[in-house]
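**Q** Encoded as structure tokens, here's the structure I'll be asking about.
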Amino acid sequence: MNLFADIRALVNEALASMAAEGMLPEGLDLANVTVEPPRDPAHGDMATNAAMVLAKPARLKPRDIAEALAAKLTDDPRIASAEVAGPGFLNLRLDVSVWQSVPKAVLTAGTEFGRSQMGQGQKVNVEYVSANPTGPLHVGHTRGAVFGDALASLLAYSGHEVTREYYVNDGGAQVDVLARSVYLRYLEAHGQKVEFPDGTYPGDYLVDVGEALKAKVGDAYIGKGEEVWLSEIREFSTESMMNLIRADLKMLGVEMDSFFSEKSLYGTGLIEAAIADLDAKGLIYRGTLEPPKGKVPEDWEPREQTLFRSTAHGDDVDRPIKKSDGGWTYFAPDIAYHYNKVTRGFDALIDVFGADHGGYVKRMKAAVSALSEGRVPLDVKLTQLVKLYKNGKPFKMSKRAGTFVTLRDVVEQVGPDVTRFVMLTRKNDATLDFDFAKVLEQSRENPVFYVQYAHARICSVLRKAVEAGIAVDDATLAEADLSGLTHASELAVAKKLAEWPRLVEIAARTHEPHRVAFYLYDLASDLHALWNRGNEEPSLRFLQDDDAAASQSKIALARAVTVVISAGLGILGVAPAEEMR
RNA sequence: GGUCCCGUAGCUCAGCUGGAUAGAGUGCUCGCCUCCGAAGCGAGAGGUCACAGGUUCGAAUCCUGUCGGGACCGCCA
């Protein structure tokens, strides 16, 4: 049930019949016709811009179209009134029975209310986290993980077939660094005193790995050169790190469908195949790049390289795919990886990167555009910085000072639900302030609490109802007579519930899960408002003394709110609270 | 210098495919518990949507330019 879609369809029918009757020309483009809730409730329940959009192509005055459309629409029993306003808006008021039917629809569908078929089963690959397997996940990764996960859920809820994927950078030089660092910890485990030179990872999370390596191979690598142990320790270390990362993600409630190894691209011909594909399209050549405009790096010198003609697909400069020593640049395996995604048959790709990879977006889009010949869209979502605070004071992260804040630190302190919700209360491309004290505060200022409180309050009512011997199971509530829900505060809640399916589609289309969080806050707000009206007007309370039928109708509305909150929180990966503690 | 992101109330931020008198929270002023959870609700005050052009019936939203903040910028991923 999507009321806005229903009414939009009704408008389309009315316009079609006007065309059939010769009042409008045939074949008008209706793509820009909208039916949406007006900002100002005084303008009714829904407004359509049809008359204004069609005035020009139809060579008619907006008012004339609007008048005729109004006459058609009011024939439908759902439309209580349609009046022309402003420059040609048609403001619609829906019959109260339409709003009264909303809780029933919610209770019948459960958390499936709002699920959309918009995606039409499109296969979408969402790649996120993809942190290097060289250490535990930190706060920045956490935001990417939460965002990507919620986006994936949102797309699944709106009719897409989603694959959640992690790209494991286990093929580059940073894994050698990891292996050498583990080797030092291994020596340490054998009682040697070691120092960590620049270019190694001194973090103590590798102590256990060194110990484990000792347990596995004993003293076999002591005093031996890299040629003996590098490859094997690399393998051992990345496996350990991935186990660590998997455990971190699990704490946060993130579960990937697939881990794709960068290493699996080497020596298997996959990179070569991807580059050959580009080459066949005439997009690979030997050449020399211009120096960067403005500040030229100190050590700049012209150099002939193997280049990808990414400028043919919207990039600003062509990009090197081979280093001067003949090895691939990091870009080459990324091309191969995305080539692989395309050949796996995905209809759309989404990459979630940290903002520091912003400069990488255009070339990646160029690569996918070239490889798929423009068929597969790639959307790259960048997650901005997380700024940490403690009681309003900035909290600087520093590996040296030991104040390096990991995902584990955050989740252990505030829990996965709070972490996830808070990380979704900002647009992905806006920086996020995360205050360890404030996110646990129980006040309206804290949206996590505010939404959970609304949910818990209703659960409390349901418990009271049961004590009073009133049946409040969903099947019973769905059959309740809702014609008594007539107060503006009650209808406001019903109207907000009716917006949920529409909100899901907008959020999914824009790839913006934060919209769900903001919607839930608004829904909670309407519920709290209704609740408090009950203080002054006893007839608005959910529990009506000695009147089970009236109680059930009001509880049906309240219960529907918890259902939608559960559905919304479910997309965000947050568990609803039965009671506040 | 180039590319991308951001600039909306004192502060932190929403704002849908361009739509009507631009909204929340917070802070300030004032009200609401004999009553389902007041951890809440209501009212008031608070705006040159950074600036200047352009497109449009209509611009916070789209285009161009300027200013300010951030990220990135050929053999690191």
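**Q** Amide H neighbours of A:Leu485 under 5 Å, counting only residues 5+ apart in sequence or on other chains, H built in-plane at 1.01 Å?
**A** Residues meeting the amide H criterion: none.
**Q** Cα-based Rg (one decimal) and Dmax (whole number) for segment A:3-94, in Å?
**A** When restricted to Cα atoms, segment A:3-94 yields Rg and Dmax of 11.9, 34 Å.
**Q** As an exercise, take the mean of 1/r over every pair of distinct alpha carbons in segment A:81-195, invert it, and state the Kirkwood radius in angstroms.
**A** 19.7 Å
**Q** Another question about this same structure. Mind pulling the angle between the C-alpha long axis of helix A:207-217 and the longest principal axis of chain A? Nearest 10 degrees, somewhere in 0 to 90.
**A** Compared with the principal axis, the helix lies near 60 degrees.
**Q** Could you work out the helix-only [θ] at 222 nm for chain A, with each DSSP H run of four or more residues adding -39,500 (n - 2.57) and the total divided by the number of residues, to the nearest 500 deg cm²/dmol?
**A** -15500 deg cm²/dmol
**Q** Using a simple charge model, +1 on the beta-carbon of Lys and Arg, -1 on the beta-carbon of Asp and Glu, nothing else, what dipole does chain A show about its Cα centre, in debye to the nearest 20?
**A** 920 debye
**Q** Once the piece of chain linking A:Asn243 and A:Asp176 is laid out straight, how much longer is it, given 0.36 nm per residue of separation minus the C-alpha distance between them?
**A** Contour length minus Cα-Cα distance gives 22.3 nm.
**Q** Order these peptides, A:193-204, A:60-71, A:35-46, by their mean beta-carbon neighbour count within 10 angstrom, highest first.
**A** A:60-71, A:35-46, A:193-204
**Q** Please provide three numbers in whole Å: the alpha-carbon extents of segment A:391-497 along the principal axes, with the largest listed first.
**A** Dimensions of segment A:391-497 along the principal axes of its Cα atoms: 65, 30, 22 Å.
**Q** Same structure, new question: Per the Debye formula with a single identical scatterer at each Cα and no solvent contribution, what log10 I(q)/I(0) holds for chain A at q = 0.09 Å⁻¹?
**A** Each listed q corresponds, in turn, to -0.87.
**Q** Once each part is reduced to its C-alpha centroid, what is the distance from segment A:511-561 to segment A:17-47 in angstrom?
**A** That distance is 32 Å.
**Q** Still on this model: Quick one: Karplus J couplings for segment A:498-509, per residue in order, coefficients 6.51, -1.76, 1.60, θ = phi - 60°, nearest Hz, x for Gly and Pro?
**A** 5, 7, 3, x, 5, 4, 4, 5, 5, 4, 5, 5
**Q** Can you pull out the GluC sites (Glu not before Pro) in segment A:247-336 whose DSSP state is coil and whose Cβ has at most 14 other Cβ atoms within 10 Å?
**A** Passing both the DSSP loop test and the Cβ count: A:Glu255, A:Glu298.
**Q** While we're here: When each pair of different Cα atoms in segment A:493-581 is counted once in the 1/r mean, what is the Kirkwood radius in angstroms, to one decimal?
**A** 14.2 Å
**Q** Multiplying the sequence separation of A:Gln122 and A:Asp29 by 0.36 nm and subtracting their Cα-Cα distance, what value in nm do you get?
**A** Length difference between fully extended and current span is 30.9 nm.
**Q** Ok, one more. Restricting attention to the alpha-carbon atoms of segment A:192-246, what are Rg (one decimal) and Dmax (integer), both in Å?
**A** 11.7, 33
No value in this document is a laboratory result; all are computed from the given coordinates. All values derive from a computational prediction rather than experimental measurement. Cβ atoms come from the backbone with ideal geometry, glycine included; neighbour counts cover every protein chain shown.
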